[in-house]
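Shown next, in structure tokens, is the structure this report addresses.
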Amino acid sequence: MKLSAILPVARVLRRELAMTVLLLLGVSVVVFAVLYLAPGDPLNVLLEGQSPRSQLALGAREALGVPQTWYGRYGTWLLRVLQGNFGNSIRTGLPVLPELARVGVNTLVLTLGSLLLTLLIAVPIAVHAAVNGDTAGNTAATVAAYIVSAVPVFWFGYIVVYVFIHEFGMFPLLSGTAAKQPHAWLYFLVPIFVLGTASGTLAELIRHLREELSRVLAEDYIRTARAKGAPVWRHAFKEGFLIPVTEIMSAKIPFLLGGAVIVEQVFNWPGMGRMAWQAAQDRDFPVIMGIALVAAAFVRTGNLLQRVVFTVVNPRASRE
């Protein structure tokens, strides 16, 4: 690769990584402030509901080395994080970082799998509609995609659970024995299908990609290439396909993560969503802070990928 092509990407990466550090710091401050100001006390899990001002609570804080001021607690937590230590769960006593790595892989599989499924469904519909116009087949496929995207994730998930358990009797995930059944692979695919189709991303990707691709195919340079017999898709791929897809998918990552929390609850998927739900109920501050940072880093990675792709297509954008 030429140096002229590497420098714009390196410039963007340097700037975006610096912004990422500031973003993660800001997220940690906001989440910590919300948790600190929220009613209740995380040590209640250990103290069995004792008053946070009781002698037992004060003694527990002193024994655990918990600072009394909010900035002292945040500073202690931040210093540990910079050393690679996210603390221990208040409920289980286990280190937070290994637990996040374990369940984070499951959430990553669920989220990326749903993104891939959305692309496999939306791209053919959008491309065919942009090239051939409003045919009966395109209209029917688009309307069907919009209807499915409008269905709430939790409702669609429970419908799928009902159909597979009560109608086919081959998806007993609620009993915890799905891995022992002949159709255990459905336990892996069905949650991905639900999140990939009912999260709203499908309809938005079809609409956005169709509009952008139709606009690019109507440009003068595409008409000139078509008149000369040159491959049209070679000229339209970057601006009409690559940039719109990466743009909309990076923008929908936060919504997919939010939908993943619901899907993981419905399907008992062992991911960060279920861990966050349990941690919120237990007021497990170290776990909540760790999940917030990981989720913010995941979202920021999608934005960073979109910026890199845009810079590769248009190197001058790195100077903006």
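The values are calculated or read from the model by the stated rules, or taken from the named source; none is laboratory data. Owing to the predicted nature of the structure, the values given are computational and were not obtained by experimental measurement. Glycine gets a Cβ as well: all are built from the backbone with ideal geometry, and neighbour counts include every protein chain shown. Areas reflect the complete protein model, heavy atoms only, side chains present, ligands, DNA and RNA absent. Shrake-Rupley method; radii C 1.70, N 1.55, O 1.52, S 1.80 Å.
Observations on the model:
- Taking the criterion of being open to solvent by less than 10 Å² (accessible area, probe 1.4 Å), among the β-branched types (Val, Ile, Thr) and modelled with pLDDT of 80 or more, the residues of the stretch 191-232 that qualify are Val194, Thr197, Thr201, Ile206, Val216.
- Options Arg61, Arg80; residue that is of a type in the set (Lys, Arg), modelled with pLDDT of 85 or more and out of contact with any Lys or Arg (no Cβ under 8 Å at 6 or more places or on another chain): Arg80
- Candidate set: the stretch 133-169, residues that are free of Cβ contacts under 8 Å to residues at least 12 places away in the same chain and of a type in the set (Ser, Thr, Tyr); chosen: the one farthest from Glu211 (Cα to Cα): Tyr162
- When Val105, Val109, Val96, Val127 are checked against the criterion of being open to solvent by less than 30 Å² (accessible area, probe 1.4 Å) and modelled with pLDDT of 85 or more, Val96 stands alone in meeting it.
Yes/no per residue for (1) modelled with pLDDT under 85; (2) in contact with a His (Cβ under 6 Å, 6 or more places away or on another chain); (3) under 16 Å from Ala295 (Cα atoms); (4) open to solvent by 20 Å² or more (accessible area, probe 1.4 Å):
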residue	(1), (2), (3), (4)
Arg234	yes, no, no, yes
Phe237	yes, no, no, yes
Thr246	no, no, no, yes
Phe255	yes, no, yes, yes
Ile262	no, no, yes, yes
Val266	yes, no, no, no
Gly271	no, no, yes, no
